[in-house]
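Comments concern the structure below.
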Amino acid sequence: MIGWIKGKVVRRNPASGVIIVEAQGVGWELQVSLQTLAGVPIEGQVVELWIHTNVREDAIQLFGFADEREKQLFRMLTSVPKVGPRNAVAVLGGLPVLELVECIAAGESAKLVKIPGIGKKTAEQIVLTLGDKALTLLEFMRSSGDAAPASAAPASADASDELATAARDVLLSLGWKAKPVEKALAQVLEELGDKAKGTSLDALVRPTLARLMER
């Protein structure tokens, strides 16, 4: 069973949320959440991720996480009836881990419904099933101070347009509509101004997602 991996990023596909990490001569294909993907460095650089192995009758899937807390929350989510691994990844991609745990602990199912692919019944089931566990996890995270997201590698000025396109693709892959994504992304880029030329994918995706969740 693989629990953790460290290796070179060979490929990162924002549209599908899949990355390939080379470790000891083997390319491992990992499905990651939007939050984790935003912190994965560019191809050729080294990344460290926690791993969950999902075994099915027809396939073995590997899911990668920025830290142990995200992995723990993933396993909690997949324990909820009718919430499979892909739905769990979608939920994790909607909000940073700490904010997501706070949301579940507070019973804010309406906030979860804003995440593409998560309906009202599923959101309510998540809150109902995980409310107490999320509260316990939240208290531990606050006391240990280990809820900080993974940092992303800064991009060069020449890559700013590619980053904007990558950010758009990431959000579209999560189910957001093109028009609101482009509008929110344009607002974020305008706020960043000249800083956008040297920013990271993380710095574009997170504030854009926050704007989309406010709508």
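Just so it is clear, none of the values below were taken in a lab; they were calculated from the coordinates. All of these numbers come straight from a predicted model, not from anything done at the bench. We place every Cβ from the backbone using ideal geometry, glycine too, and count neighbours over all the protein chains shown.
So here's what we get for this one:
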{"quantity": "Positive-end residue of S143, V10, G107, charge dipole of the chain with Cβ unit charges", "calculated": "G107"}
{"quantity": "Distance in nm between pseudo-label sites at V18 and K82 (7 Å out along the Cβ direction from Cα)", "calculated": "2.8 nm"}
{"quantity": "Relative contact order (%) - criterion: Cα under 8 Å, at least six apart; region: the chain", "calculated": "19 percent"}
{"quantity": "For the chain, built as a Gaussian network whose Cα springs stay under 10 Å, the top-fluctuating residue of Q61, Q72, Q24", "calculated": "Q24"}
{"quantity": "Gaussian network model of the chain, springs between alpha carbon atoms under 10 Å - residue of R75, R142, R12 with greatest fluctuation", "calculated": "R142"}
{"quantity": "Computed helical MRE - 222 nm, the chain, DSSP H runs ≥ 4 contributing -39500 (n - 2.57), nearest 500", "calculated": "-15500 deg cm²/dmol"}
{"quantity": "Answer label, with volume of the Cα convex hull per residue in Å³ calculated from the coordinates and candidates (1) 192; (2) 124; (3) 147", "calculated": "(2)"}
{"quantity": "Antiparallel bridge percentage (DSSP; both residues within the chain; nearest 5)", "calculated": "90 percent"}
{"quantity": "Residue of G117, G193, G107 that the Gaussian network model of the chain assigns the largest fluctuation, springs spanning Cα pairs under 10 Å", "calculated": "G193"}
{"quantity": "Label point distance in nm, E190-K8, each placed 7 Å from Cα along Cα→Cβ", "calculated": "4.2 nm"}
{"quantity": "Proximal lysines to K114, defined as alpha-carbon separation beneath 27 angstrom and excluding residues fewer than eight positions away on the same chain", "calculated": "K71, K82, K133, K177, K179, K183"}
